[in-house]
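Note sheet for the following structure.
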Amino acid sequence: MIKVEPDSASIRAVIECDSVGNVLMRELETERGRRITAEFRLTNVNANAAELDFECKEDSLLLKIALLEKCITRLRECQYSEVIHIERQFRWWEKGLMYLGVISTALLFILVLIVVFVKR
């Protein structure tokens with residue numbers, strides 16, 4: 001679960017019209033948030049009307065960096081356990097089977113040598 005803290009930005013502008021009908025901005029205050037920036041533009045200014053366009057942009061990269069820093073911190077805090085391999089001792093019957101295999105192989109080898117030299 002990812003929790004994102006709320007953020008806000010604000011613009012306060014006092015706009016007036018003079019006697020001729022021109023739009024004048026008398027006062028402007030902007031407050032930027034931690035991730036959000038607020039911008040505005042005064043467009044389509046004519047004798048009858050004017051348009052004021054506002055844009056609020058959130059920097060998603062800052063949010064991603066904050067999440068990655070949290071993950072990195074959590075990984076650094078994790079304690080890793082070291083795996084130690086201990087060799088198991090053979091049981092008596094396993095040792096017996098190994099010795100029996102070595103003796104059988106040696107006898108078979110000797111038997112093959114005897115058969116080869118007797119036939120010559």
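Could you look through the stretch 14-40, keep only residues that are open to solvent by less than 40 Å² (accessible area, probe 1.4 Å) and part of a strand (DSSP E or B), and pick out the one that is farthest from residue 65 (Cα to Cα)? So the residue we want is 23. Restricted to the stretch 73-99, and to residues there that are outside any loop (DSSP other than H, G, I, E, B) and among the aromatic types (Phe, Trp, Tyr), the residue that is least open to solvent (accessible area, probe 1.4 Å) is 93. Taking residue 68 as the residue in question, decide whether it is of a type outside the set (D, E, K, R), modelled with pLDDT of 75 or more, over 37 Å from the mean Cα position of the chain (by Cα) and not in a strand (DSSP E or B). Criteria not met by residue 68.
The values are calculated or read from the model by the stated rules, or taken from the named source; none is laboratory data. This structure is a prediction, so every number in the text was calculated from the model and none was measured. The accessibility values were calculated without ligands, DNA or RNA, using every heavy atom of the protein model including side chains. Shrake-Rupley method; radii C 1.70, N 1.55, O 1.52, S 1.80 Å.
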